[in-house]
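Student: Let me begin by handing over the structure; questions about it come next.
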Amino acid sequence: MTPTETQTEPAVVTSRREDHLQRIEIDRSVRWPVTFFIVNGVLWLVFAAMLGLLASLKEHSPTFLDYDWLTWLHFGRLEPAAMTALIYGWGFQAGIGVSLWLMARLCRVPLRNGMTLLVAGKFWNVGVVIGVFGILAGYGTSAEWMPFPALVWPLLLLSFTAIAVWMVIIFRVRRPGEPYISEWYLLGACFWFPWVFLTANLFIHVFPDSGVMGPAVSAWFKSNLLLLYFVPVGLASAYYFIPKVVARPIFSYQLAITGFWGLAAFAGWTGIQKYMGGPLPAWMPAVGSAATILMLIPVLVVALNHFYTTRGRHHLVQYSPALRFTVFGAMAYTGMSLLAVVLALFPLSGYTQFTYAESGFALLALYGFFSMTMFGAIYYIIPRITGCEWLSRRLINFHFWCSSYGILAMAGSLVVGGIAQGTSMNNPANWDGTFVGVVMTSRGYLIGRSLAWCFLILANVVFFCHVILMVLRLGRRSTEPTMFGEVPADKGEPEVMMEPGTAEAAKA
Amino acid sequence: MTKLRTFLIGIGVTFGLPWLFLVVIPFFQLRALEPVAYDFEVDQRAGIYPPNYTDTAGARVYAREGCAYCHTQMIRPAQVAMDGWRLGWGQEQGGKPEFPTRPNRPEDYAGEGYAFLGIQRSGPDLANVGWRYDRQWHYGHLYNPRERHPWSLMPSFRHLFEKQVVQGVVSEEAVAVVEEDGVEYQIVPGEEARALVSYLLSMKRDLPVPAALANGRTD
């Protein structure tokens with residue numbers, strides 16, 4: 001059933017108009033918290049990319065900026081600071097902003113009392129500032145993806161809990177009806193993240209003498225933060241925007257539910273394969289590898305579902321920025337999961353473990369999948385909460401291509417460089433060599449990574465300026481959304497569409 | 001609200017299982033391992049294993065400088081990787097050893113607050129680096145890594161060193177002597193550099209494992 005067909009029935013028209021007005025009211029009500037999280041997030045993204053570039057430059061050219069008074073600013077501090085800014089500054093704030101908007105819209109409840117959210121958001125930012133600058137000042141802990149000084153975690157946990165409670169309340173007072181798959185993913189993230197975060201921080205930062213379980217918990221945390229926070233939020237967004245823009249219900253709701261429970265069942269077991277062959281009981285990394293391979297089931301289920309939902313309307317990525325970014329993210333999700341399997345294979349671990357390939361995977365996941373999905377969502381959300389349209393399709397196009405080339409170059413050079421590095425390290429002929437071979441084999445790829453960071457900085461400075469202009473309400477005053485090109489009339493009008501998860505969509 | 005309740009039970013069970021069995025139980029089993037005494041009759045060795053507690057102050061410097069972002073501290077088994085055969089990565093520092101350095105086990109890290117197994121290996125493994133160099137070599141290397149290896153990508157840790165006026169003889173620990181405005185200064189390791197090097201020197205994790213442990217018994 002196409003939207004034009006439904007409009008022939010007068011009763012439906014009235015209810016559609018009411019729905020539309022209500023959506024406007026909801027968008028208005030979440031305007032401030034969503035804007036706050038997105039703008040702060042994008043600011044952190046630009047900062048994180050700059051720190052990332054600096055860390056990368058320092059890794060292949062350690063004499064760069066090597067003044068006597070500046071030697072404390074070296075790779076060992078810059079890298080964790082960049083990842084903290086990227087994950088907690090950008091990733092979480094973009095995730096929270098998009099989650100709030102999605103939750104309010106899907107539950108069809110306008111926001112009352114957004115003050116809690118703003119206060120929580122401010123505390124979150126204070127936590128990230130202390131975290132990033134604490135690491136740079138020499139108070140880091142070197143635990144992967146949580147290298148900030150120990151005092152930061154209660155602050156982050158409390159702020160997030162306040163936001164999660166708000167999301168659960170909204171869910172409970174939602175307009176009656178079957179919850180949509182995105183709501184389940186968002187709710188899952190609200191419960192999983194505090195659970196994972198609290199466990200990891202208690203075991204690493206609070207209990208002393210964790211011994212070998214310290215890094216094991218840290219590896220488990222990293223994998224679970226990715227699979228149980230970033231993946232659910234990214235998928236919630238993809239499950240909303242793909243059907244929304246192609247104006248079609250998702251291919252199979254049953255499949256979507258299967259994908260959700262597959263993720264829930266396998267994700268918690270992953271992570272410890274990072275230390276395969278290490279000083280841990282062998283079953284722990286083995287379980288991690290097995291679960292990572294099993295994760296392909298929910299991943300392929302999601303990929304199939306998205307593919308069949310868009311089938312026949314793939315051409316819409318030529319017109320809709322939201323869809324183009326989301327589809328890139330959804331494809332990167334499949335790509336990163338396949339890469340995760342390669343990195344989890346025990347026989348290959350001699351060539352991949354501890355190499356740059358692992359860092360390539362992390363960036364592909366955080367940027368190629370999660371950030372690109374969030375960009376898609378932000379391109380859709382911002383015009384609706386600011387009441388004006390994106391200024392320029394050129395800037396959006398630039399952001400997309402610069403981001404895609406940047407992240408593909410980044411992941412490509414790190415994965416290939418990592419394998420080159422692993423091969424050199426594992427070459428029996430090098431048994432008595434100094435480390436020079438390994439260092440020199442991978443150095444060129446590290447220079448590639450620096451170039452990729454330049455692309456990402458460029459992309460996101462442009463994106464930041466565009467977002468700021470929109471938030472200042474300097475966007476286009478128009479009823480026509482900014483598309484990459486005119487949508488041909490016979491190919492469907494992406495802006496007139498059904499709301500995923502409504503009874504209307506379920507009927508179709 | 002039964003939907004929400006079913007949902008919560010669902011994610012509670014699916015995530016609670018790995019949380020409990022993969023993280024919580026192993027954590028309390030493997031944390032705070034006690035050193036084990038060698039049985040002279042069986043092991044032909046006296047003393048305890050592992051013999052020396054690592055330097056906690058040094059480990060803190062190791063953490064905050066992010067050393068683990070480039071250096072691992074774990075030898076993988078010979079059937080997976082070359083780690084054990086690499087020159088200088090174990091006790092044997094001379095020619096080609098007859099046997100590879102043994103892979104590590106949890107007890108090797110007994111007494112360490114947090115075992116820095118490492119995040120990436122852009123530099124050599126440090127699991128047994130204590131055998132490899134002496135204190136003074138480390139000071140020189142931390143101060144200026146490229147003096148030892150021109151191709152090294154390691155940052156200089158000059159901020160861990162202090163500049164002192166030379167009074168009489170130059171200290172044996174001095175890594176450099178500089179002259180400014182006619183005054184002679186020596187660069188000596190600070191408190192943190194000393195602690196860090198003590199920590200590095202304590203890393204000798206390939207000692208023979210007591211038979212009691214090797215057979216899987218810890219009593």
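The values are calculated or read from the model by the stated rules, or taken from the named source; none is laboratory data. Everything numeric here is computed off the predicted structure, so don't read it as measured data. Here Cβ is always computed from backbone atoms with ideal geometry, including for glycine, and neighbour counts include all displayed protein chains. These area figures cover heavy atoms from the full protein model, side chains too; ligands, DNA and RNA do not enter into them. Shrake-Rupley method; radii C 1.70, N 1.55, O 1.52, S 1.80 Å.
Student: From the Cα gyration tensor of the protein assembly as shown, with a ≥ b ≥ c the square roots of its eigenvalues, which class applies: rounded if a/c is under 1.5, or else prolate if a/b is larger than b/c, or else oblate?
Tutor: prolate
Student: Given a 1.4 Å probe and the protein chains all in place, what does the accessible area of B:R45 round to, in Å² to the nearest 10?
Tutor: Number for this one is 90 Å².
Student: Now for a separate question. Which ³J(HN,Hα) values in Hz, rounded to whole numbers, follow from the phi angles of segment A:187-198 under the Karplus curve 6.51 cos²θ - 1.76 cosθ + 1.60, where θ = phi - 60° and Gly and Pro get x?
Tutor: 5, x, 4, 5, 8, 5, 4, x, 5, 5, 5, 5
Student: Over chain B, with a Gaussian network built from C-alpha contacts below 10 Å, which listed residue (B:T72, B:T56, B:T14) shows the highest mean-square fluctuation?
Tutor: Greatest mean-square fluctuation among the candidates belongs to B:T14.
Student: Then there's this: 222 nm [θ] for chain A, helices only, -39500 (n - 2.57) per DSSP H run of 4+, per residue, to 500?
Tutor: -22500 deg cm²/dmol
Student: Give me the net charge for the shell around A:G437: Cβ to Cβ below 14 angstrom, other residues only, Lys and Arg +1, Asp and Glu -1.
Tutor: In short, +2.
Student: Compute the relative contact order of segment A:98-177 as a whole-number percentage, counting only Cα pairs closer than 8 Å that sit 6 or more residues apart in sequence.
Tutor: It rounds to 43 percent for segment A:98-177.
Student: Rounded to a whole number, what % of the accessible area of segment B:165-219 do carbon and sulfur atoms account for, probe 1.4 Å?
Tutor: Whole-percent figure for carbon plus sulfur exposure: 45.
Student: Name the most mobile residue of B:V36, B:V24, B:V61, meaning the one with the largest mean-square fluctuation, in a Gaussian network model of chain B with Cα contacts below 10 Å.
Tutor: Between B:V36, B:V24, B:V61, it is B:V24 that shows the largest mean-square fluctuation.
Student: Starting from the residue with the highest accessible area, list A:D68, B:D108 in decreasing order, probe 1.4 Å.
Tutor: A:D68, B:D108
Student: Could you tell me what percent of the accessible area of chain A is made up of carbon and sulfur, with a 1.4 Å probe and every protein chain present?
Tutor: 69
Student: Sorted by accessible area (1.4 Å probe), largest first, how do B:Y199, A:Y351 line up?
Tutor: A:Y351, B:Y199
Student: A further question on this structure: Using only protein heavy atoms and a 1.4 Å probe, report how much of B:H138 is accessible, in Å² to the nearest 10.
Tutor: Counting only protein heavy atoms, the figure is 10 Å².
Student: Here is a further query. Show B:E98, B:E173 ordered by accessible area, largest first, where the area counts protein heavy atoms only and the probe is 1.4 Å.
Tutor: B:E98, B:E173
Student: Here is a further query. Be a star and scan segment A:422-462 for residues whose amide nitrogen sits under 19 Å from the point 7 Å along the Cα-to-Cβ vector of A:Y405.
Tutor: Within reach of a label on A:Y405, which here means backbone N under 19 Å from a point 7 Å along Cα→Cβ, segment A:422-462 contributes A:445-462.
Student: While we're here: Within a 10 angstrom radius of each residue's Cβ in A:357-363, how many Cβ atoms of other chains show up on average? Whole number is fine.
Tutor: The per-residue average across the peptide is 1.
Student: For B:Y185, what residues show an amide H to amide H distance below 5 Å, using hydrogens built from the backbone and excluding near sequence neighbours?
Tutor: HN-HN under 5 Å from B:Y185: B:V166, B:V178, B:E179, B:E180.
Student: Rolling a 1.4 Å sphere over the protein heavy atoms, what is the accessible area per residue of chain B, to the nearest Å²?
Tutor: With the other protein chains kept in place, chain B gives 46 Å² per residue.
Student: In peptide A:58-68, how many Cβ atoms from other protein chains are near each Cβ within 10 Å, on average?
Tutor: Whole-number average of other-chain Cβ neighbours for A:58-68 is 3.
Student: If you count, for every residue in A:166-176, the Cβ atoms of partner chains within 10 Å of its Cβ, what is the mean?
Tutor: 1
Student: Grab the DSSP H runs of chain B that are 4 residues or longer, score each as -39,500 (n - 2.57), total them, divide by all residues and round the 222 nm result to the nearest 500 deg cm²/dmol.
Tutor: Rounded to the nearest 500, it is -8000 deg cm²/dmol.
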